[in-house]
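Contents: one structure, followed by commentary.
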Amino acid sequence: MHILAFLLRRSVQAVIVMFVISLIGFSIQDNLGDPLRELVGQSVSEEERDLMREEMGLNDPFFVQYFRFLGNAVQGDLGTSYFFKRPALDVIMDKFPATFELVLGAVFIFLSLSIPAGIYCAIHRDSWITRFIMSASIVGISVPVFLTAIGMVWLFGVELGWLPAFGRGDTVELPWGWETGLLTWEGLSHLILPSVTLSSIMLPLFIRLIRAEMMETMSTDYVRFAKAKGLSTSRVRYVHAFRNTLLPVVTVGGLMIGTLIAYTILTETVFQWPGMGFLFLEAVNRVDTPLIIAYIIVVGLIFVVVNTLVDFLYTLINPMVKLPGAKS
Amino acid sequence: MAMLEIEDLHVAFPKGKKAEVEALRGVSLKLEKGERLGVVGESGAGKSMLAFSILNLIAEPGRVSQGSVAFHGENLLELSERDIRGIRGNRISMIFQDPMVTLNPVLTIGTQMVETLKAHRKISDAAARKLCIAKLKEVAIPSAESRLGAYPHELSGGLRQRVVIAIALLTDPELIIADEPTTALDVTIQAEIMALILKLCREKDVALILITHDLGIVAEVTERIMIMYAGLCVETGPTQQIIQAPHHPYSAGLLKALPQFAGRGTRLYQIPGSMPPITALPPGCAYHPRCERATELCKAQVPPLEHGHACFHPIDQTEAAS
Ligand SMILES: Nc1ncnc2c1ncn2[C@@H]1O[C@H](COP(=O)(O)OP(=O)(O)OP(=O)(O)O)[C@@H](O)[C@H]1O
Ligand code: SF4
Ligand SMILES: [Mg+2]
């Protein structure tokens, strides 16, 4: 029951956020160039243009136009891409699997590295491995992502030639038209460099965060009490100490989602990864306004959904936070 | 052979690159089966260090630098990690000061109880839960069955400390070390919790080391007292004897500071000055800067612990009486 109440409340919030995003998106469209110039050539006379403007409702007041846009948007109609001459939403959704798999790869890499590394560095404070990881993470935080990306392309793609640095390779089609690169070696090998690059934004930060949190929980009274109860070292570390580091980690993770999505644009562009971010940058270059707006709205929606999931996860692992409607 | 025999225990912390400072400077004590000992002293005297070193749980960077802790003749400080774990929470249990932070906030009471049993006994989940409920009932927790699924924050401070006591009793230990078990609690329930600990120890013939600042509590609960000052035992003996006739000026000062010993209408006495930090101990008797009876000898030499007190000029009780 209380889960439903939680979801309901979050849905209302999500709708409000999406409303704001759509308003921003629409204002961009309103201010970005003249749609007619994209639709018709130079040959059309000024009178004919005025007539078309009137017909398309482009002379209506801002809010009339906005609500028309909104009405279409909730029906899944985000306009037609000037360049592709197809519904903008369809164009975006074709690219969604590529971006999704890239982010999945990055999250997988950074979780499977930052958790063990963070725990290790917290437990073996003075070992040389810890010192190395900690210094490397400082460097990692300060290197800009595009440098990491270019460095990766140059070293592994060009110099050593170990891994492909461009595109997605062959994909396999799953039901609902989902093109996946996760099922073939070729697809996976194409995924490595871009997802490592994308994960490098979060990795150093999370290693340091997990280490700091773990060191703090290891010195708490409840961990001491767990030891005094005679529990095994691994139970003390992982059940008592590490579970308590999850809360701040999930919180920061939630805050970083926006950053991660933003950096897909850069990563996809450097690696020519055929995802939504790459498409977006192309759309910007072509002033393909409907596509730009469709991207903003889709990404906004993804952001809202993921954030809600993170909050939900947070309430699951933190018994102190009660879902609204739950009874103690 | 006594159940517990601590011999010349030193605990040291690094100071700078090479040097060390000592939080315990050679403490010895003996405890018989079922005996209740009170350890008293001001904050920083080393009471918690003593408690934690018994189970070899001194937190880094501290370490036991010298001495032994013999439990039934076996030196706990030399046991392997695995063997000492078999003692911790099993034959020797601890109760900590603040029940708000002793229990893990993200684990249920049930989990934290059952895991203790499972660490020490081969026992099924169902049997373990049954035993946990029985123990919760023993410490007078209302509706014990429903508490296993509760998280610590859902319980009041007093109830949490009862849970901690229940955990300490789960494995029927021979010794409980309680480090200021009531200081963090509401005054109205302090006496209740103390009475509970006393009752359970008596019923089960469990020995108790009760650490506290409060001589009043010690007088009610324990049979013997050890008074600590700056990492040393300065006076030890039967509780009633020390309370009625202390020999060490520090013990006398602590007693004089008790409200129930102060005369009606007089201001509460306070020992002048404060205990020096372990990094800046004065030479000789560490108490001499605060002591009315101090002489040149006290500044030059550390008084040995003889006849139950470590003082060159102990209070002679015939003198005190006059
Ligand atoms: N990590 C540390 N580094 C250096 N000194 C420490 C450290 N931890 C504790 N000490 C010192 O050890 C001494 C003894 O501490 P302990 O906790 O045993 O005192 P206590 O008698 O239990 O006091 P309280 O009544 O406040 O609990 C204190 O003087 C303290 O400053
Ligand atoms: S030895 Fe001297 S200074 Fe220390 S307590 Fe006794 S009289 Fe006071
Ligand atoms: Mg203490």
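The values are calculated or read from the model by the stated rules, or taken from the named source; none is laboratory data. Keep in mind that this is a model prediction, so the values were computed, not measured. A quick note on method: Cβ atoms are made from the backbone with ideal geometry, for glycine too, and the neighbour counts reach across all protein chains shown. The protein model used for the area step is the full one, side chains on, heavy atoms only, and it has no ligands, DNA or RNA in it. Shrake-Rupley method; radii C 1.70, N 1.55, O 1.52, S 1.80 Å.
Only residues that are among the hydroxyl-bearing types (Ser, Thr, Tyr) and over 19 Å from A:Tyr263 (Cβ atoms): list them for region A:126-172, please.
If the condition is that a residue be among the hydroxyl-bearing types (Ser, Thr, Tyr) and over 19 Å from A:Tyr263 (Cβ atoms), then A:Ser127, A:Thr130, A:Ser135, A:Thr171 are the ones that fit.
Can you pull out every residue in region A:146-191 that is of a type in the set (Val, Ile, Thr), surrounded by fewer than 17 Cβ atoms within 10 Å (Cβ to Cβ) and in contact with a helix residue (DSSP H, G or I) (Cβ under 8 Å, 6 or more places away or on another chain)?
If the condition is that a residue be of a type in the set (Val, Ile, Thr), surrounded by fewer than 17 Cβ atoms within 10 Å (Cβ to Cβ) and in contact with a helix residue (DSSP H, G or I) (Cβ under 8 Å, 6 or more places away or on another chain), then A:Ile150, A:Val172, A:Thr180 are the ones that fit.
From the list B:Thr183, B:Thr171, which residue is touching a strand residue (DSSP E or B) at 6+ places or on another chain (Cβ under 9 Å), open to solvent by 10 Å² or more (accessible area, probe 1.4 Å) and closer than 22 Å to B:Ala207 by Cα?
Testing whether each residue is touching a strand residue (DSSP E or B) at 6+ places or on another chain (Cβ under 9 Å), open to solvent by 10 Å² or more (accessible area, probe 1.4 Å) and closer than 22 Å to B:Ala207 by Cα leaves just B:Thr183.
In region A:172-252, which helices (runs of 4 or more DSSP H) lie fully inside it and hold 2 or more residues that are among the acidic types (Asp, Glu)?
Filter on region A:172-252 gives A:203-218.
Do any residues in region B:203-218 that are away from chain A (no Cβ under 14 Å) have Cβ atoms under 6 Å from those of residues that are within 16 Å of ligand 2 (Cβ to nearest atom) and part of a strand (DSSP E or B), where the two are at least six apart or on different chains, and which pairs are they?
From residues that are away from chain A (no Cβ under 14 Å), the pairs are B:Leu215/B:Val40; B:Val218/B:Val40.
Find all pairs meeting these conditions: Cβ atoms under 9 angstrom apart; at least six residues apart or on different chains; first residue within region B:284-300 and more than 16 Å from ligand 3 (Cβ to nearest atom); second residue among the aliphatic types (A, V, I, L, M) and part of a helix (DSSP H, G or I).
B:Gly284/B:Leu297; B:Gly284/B:Ala300; B:Cys285/B:Leu297
Can you tell me which condition B:Pro142 does not meet? The list is (1) in contact (Cβ under 8 Å) with a residue 24 or more places away in the chain; (2) part of a loop (DSSP other than H, G, I, E, B), and all the others hold.
Status for B:Pro142: all satisfied but (1).
A:Glu268 - would you say it is away from every other protein chain (no Cβ under 13 Å), charged (D, E, K, R) and either open to solvent by less than 50 Å² (accessible area, probe 1.4 Å) or in contact with a helix residue (DSSP H, G or I) (Cβ under 9 Å, 6 or more places away or on another chain) (or both)?
Considered against the rule, which asks whether it is away from every other protein chain (no Cβ under 13 Å), charged (D, E, K, R) and either open to solvent by less than 50 Å² (accessible area, probe 1.4 Å) or in contact with a helix residue (DSSP H, G or I) (Cβ under 9 Å, 6 or more places away or on another chain) (or both), A:Glu268 comes out as yes.
Going through region B:1-59 one residue at a time, which ones are hydroxyl-bearing (Ser, Thr, Tyr) and within 12 Å of ligand 3 (Cβ to nearest atom)?
Answer for region B:1-59, where residues must be hydroxyl-bearing (Ser, Thr, Tyr) and within 12 Å of ligand 3 (Cβ to nearest atom): B:Ser43, B:Ser48.
Pick from region A:290-328 the residues that are modelled with pLDDT under 85 and among the hydroxyl-bearing types (Ser, Thr, Tyr): which of them is surrounded by the most Cβ atoms within 10 Å (Cβ to Cβ)?
So the residue we want is A:Thr308.
Is it the case that some residue within region B:132-146 is polar (S, T, N, Q), under 23 Å from A:Ile317 (Cα atoms) and surrounded by fewer than 22 Cβ atoms within 10 Å (Cβ to Cβ)?
Scanning region B:132-146 turns up at least one residue that is polar (S, T, N, Q), under 23 Å from A:Ile317 (Cα atoms) and surrounded by fewer than 22 Cβ atoms within 10 Å (Cβ to Cβ).
Of everything in region A:216-235, what is surrounded by fewer than 19 Cβ atoms within 10 Å (Cβ to Cβ) and either touching a Lys or Arg at 6+ places or on another chain (Cβ under 8 Å) or on the phi > 0 side of the Ramachandran plot (or both)? Give them in sequence order.
A:Ser232
Which of the helices (runs of 4 or more DSSP H) contained wholly in region A:59-162 include at least 2 residues that are basic (Lys, Arg) and touching a residue at least 40 places away in the same chain (Cβ under 8 Å)?
Once the helices (runs of 4 or more DSSP H) in region A:59-162 are filtered for at least 2 residues that are basic (Lys, Arg) and touching a residue at least 40 places away in the same chain (Cβ under 8 Å), nothing remains.
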